[in-house]
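Enquirer: Below is one structure. I have some questions about it.
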Ligand SMILES: CC(C)(COP(=O)(O)OP(=O)(O)OC[C@H]1O[C@@H](n2cnc3c(N)ncnc32)[C@H](O)[C@@H]1OP(=O)(O)O)[C@@H](O)C(=O)NCCC(=O)NCCS
């Protein structure tokens with residue numbers, strides 16, 4: 001099921017996993033690749049493709065995208081059903097006019113309504129954008145639950161941020177205890 005918000009010309013669509021056509025996914029991928037530049041690798045898009053997509057368009061032109069993928073994060077013996085936010089991007093020619101805010105408003109609603117925790121791994125330049133929205137940098141150790149068992153996933157380039165909802169309890173995260181993600185192809189965070 002999709003939900004729509006229609007302003008004067010700007011449309012927001014929240015598309016369930018599998019609802020976007022291949023053509024719509026290709027358009028979204030092109031937007032995200034162009035906004036991120038060369039650092040965006042093939043599996044970076046694959047990480048978001050099965051999620052719930054938030055797409056913002058104007059006059060039929062895609063202007064912004066985010067997807068929320070279901071993952072499980074573990075901390076201190078507790079499993080957190082997590083909305084992992086991927087592929088947040090605003091068309092290069094339309095940044096700085098509130099579309100990033102709008103696409104994240106919807107992505108965070110998906111997190112709040114369907115998950116107990118939000119998480120993402122931001123590029124350094126976007127950390128202040130998320131921090132201003134209440135996303136909190138994770139400063140403790142990270143691990144991943146891989147087919148070979150638990151592995152240390154420390155990477156100096158990671159900027160992992162958490163979006164704590166009321167059901168995930170703000171005080172429940174201790175940086176002395178590792179945050180553990182589930183396994184996936186490519187970058188684990
Ligand atoms: C990061 C990005 C999504 C922000 O979208 P945007 O449409 O430019 O942002 P908005 O116009 O909605 O800005 C919302 C607020 O965030 C602030 N903001 C936007 N980008 C920011 C940044 N990189 N650092 C700090 N603040 C930022 C704005 O000043 C604005 O603040 P205000 O509410 O006080 O006015 C967009 O710049 C982008 O697509 N960048 C390239 C891809 C990328 O880095 N994606 C995020 C990957 S994790």
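The values are calculated or read from the model by the stated rules, or taken from the named source; none is laboratory data. Bear in mind the structure is a predicted one, so any value in this text is a computation, not a measurement. We place every Cβ from the backbone using ideal geometry, glycine too, and count neighbours over all the protein chains shown.
Enquirer: Can you pull out every residue in the range 86-108 that is more than 7 Å from the ligand (Cβ to nearest atom) and free of Cβ contacts under 8 Å to residues at least 24 places away in the same chain?
Expert: 93, 105
Enquirer: If residue 26 meets every condition in (1) more than 16 Å from the ligand (Cβ to nearest atom); (2) touching a strand residue (DSSP E or B) at 6+ places or on another chain (Cβ under 8 Å) apart from one, which number is that one?
Expert: It is condition (2) that residue 26 fails.
Enquirer: Restricting the range 120-145 to residues that are out of contact with any helix residue (DSSP H, G or I) (no Cβ under 9 Å at 6 or more places or on another chain) and surrounded by 15 or more Cβ atoms within 10 Å (Cβ to Cβ), which is nearest to residue 83 (Cα to Cα)? Walk me through how you get there before you give the answer.
Expert: Here is the first cut: in the range 120-145, the residues out of contact with any helix residue (DSSP H, G or I) (no Cβ under 9 Å at 6 or more places or on another chain) are 121, 124-125, 127-128, 131-132, 138-145.
Now restrict to residues that are surrounded by 15 or more Cβ atoms within 10 Å (Cβ to Cβ): 121, 138, 142-145.
Numbers: 121: 12, 138: 16, 142: 17, 143: 18, 144: 17, 145: 17 Å.
Only one residue tops the list, namely 121.
Enquirer: Quick check: anything in the range 76-84 in contact with a helix residue (DSSP H, G or I) (Cβ under 7 Å, 6 or more places away or on another chain) and closer than 16 Å to residue 35 by Cα? Can you show your working first?
Expert: Residues of the range 76-84 in contact with a helix residue (DSSP H, G or I) (Cβ under 7 Å, 6 or more places away or on another chain): 80, 83.
Subset that is closer than 16 Å to residue 35 by Cα: none.
There is no residue in the range 76-84 that is in contact with a helix residue (DSSP H, G or I) (Cβ under 7 Å, 6 or more places away or on another chain) and closer than 16 Å to residue 35 by Cα.
Enquirer: Also: Of everything in the range 4-62, what is modelled with pLDDT of 95 or more, in a loop (DSSP other than H, G, I, E, B) and crowded, with 16+ Cβ neighbours inside 10 Å? Give them in sequence order.
Expert: 20, 51 - these are the residues of the range 4-62 that are modelled with pLDDT of 95 or more, in a loop (DSSP other than H, G, I, E, B) and crowded, with 16+ Cβ neighbours inside 10 Å.
Enquirer: Residue 35 is checked against (1) closer than 21 Å to residue 83 by Cα; (2) in contact (Cβ under 8 Å) with a residue 40 or more places away in the chain and fails just one. What number does that condition carry?
Expert: Only one criterion is unmet by residue 35, namely (1).
Enquirer: Here's a follow-up. Please verify whether residue 69 is within 8 Å of the ligand (Cβ to nearest atom), touching a residue at least 12 places away in the same chain (Cβ under 8 Å) and either surrounded by 15 or more Cβ atoms within 10 Å (Cβ to Cβ) or not in a helix (DSSP H, G or I) (or both), treating the condition exactly as stated.
Expert: On the way: within 8 Å of the ligand (Cβ to nearest atom): no; touching a residue at least 12 places away in the same chain (Cβ under 8 Å): yes; either surrounded by 15 or more Cβ atoms within 10 Å (Cβ to Cβ) or not in a helix (DSSP H, G or I) (or both): yes.
Judged against the criteria, residue 69 is not a match.
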